[in-house]
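The values are calculated or read from the model by the stated rules, or taken from the named source; none is laboratory data. Bear in mind the structure is a predicted one, so any value in this text is a computation, not a measurement. Positions of Cβ are generated from backbone atoms using ideal geometry, with glycine treated the same way; all protein chains shown enter the neighbour counts.
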């Protein structure tokens with residue numbers, strides 16, 4: 001039990017830092033680790049709660065970046081289209097989907113480095129299209145954070161706006177899926193509930209640390225930092241789906 005707690009503490013802290021800076025990452029990092037110790041349904045609920053807290057930390061720490069027009073235009077169609085995308089996963093093997101996601105992310109990162117000045121126009125139409133596409137692909141691939149990060153980074157947003165928007169959009173999605181997990185009968189044992197009391201504050205420390213790190217990343221370099229993180233996630237899905 002102590003060994004598990006130490007391992008999960010380390011990965012929670014690291015995932016909170018990476019997830020805050022990139023706008024994604026906590027689930028991608030923690031789920032593979034936790035599945036070594038617990039069944040997947042338990043892992044999904046446990047990590048979703050920490051992920052939800054991570055969303056809240058982003059909203060609190062980067063509130064100066066609030067852009068409700070973007071969040072509404074991007075998030076609402078994204079949530080709707082995610083349901084449509086999810087229906088497609090019934091006919092395609094999950095491993096194949098994750099490999100496709102890996103290829104997509106790697107090609108996107110290569111394109112960003114080749115066309116560093118490329119960005120999507122900040123209009124209502126482009127926001128709705130971007131939100132719809134990211135939601136649709138999130139529903140297909142089942143990894144919403146990486147896809148959302150890819151599309152949001154294409155807007156070349158200010159650092160605070162990017163992180164806040166990613167956090168707020170993810171917040172509503174996480175509320176929805178946690179509710180579904182609980183109503184579907186998923187539960188956590190007493191040990192995991194106690195562990196949450198320790199890991200949730202630790203995730204805030206990680207998010208606060210990330211805020212300090214973000215302050216040292218120049219705005220003109222921030223997009224490329226996100227691209228590098230997306231590239232690593234893409235390689236992970238391609239090699240270890």
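Summary of values
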item: The listed residue being surrounded by fewer than 20 Cβ atoms within 10 Å (Cβ to Cβ), modelled with pLDDT of 80 or more and closer than 28 Å to residue 127 by Cβ, out of 57, 68; result: 68
item: Every residue from the range 183-206 that is closer than 15 Å to residue 43 by Cβ and surrounded by 12 or more Cβ atoms within 10 Å (Cβ to Cβ); result: 186, 188, 192, 193, 195, 196, 199
item: Search result, residues across the range 1-29 that are buried (at least 19 other Cβ atoms within 10 Å of the Cβ), closer than 14 Å to residue 199 by Cα and modelled with pLDDT of 80 or more; result: 8, 12, 15, 16, 17
item: Single condition residue 155 does not satisfy, out of (1) loosely packed, with under 15 Cβ neighbours inside 10 Å; (2) closer than 18 Å to residue 229 by Cα; (3) at pLDDT 70 or above; result: (1)
item: Any chance residue 50 is in a helix (DSSP H, G or I) and modelled with pLDDT of 90 or more; result: yes
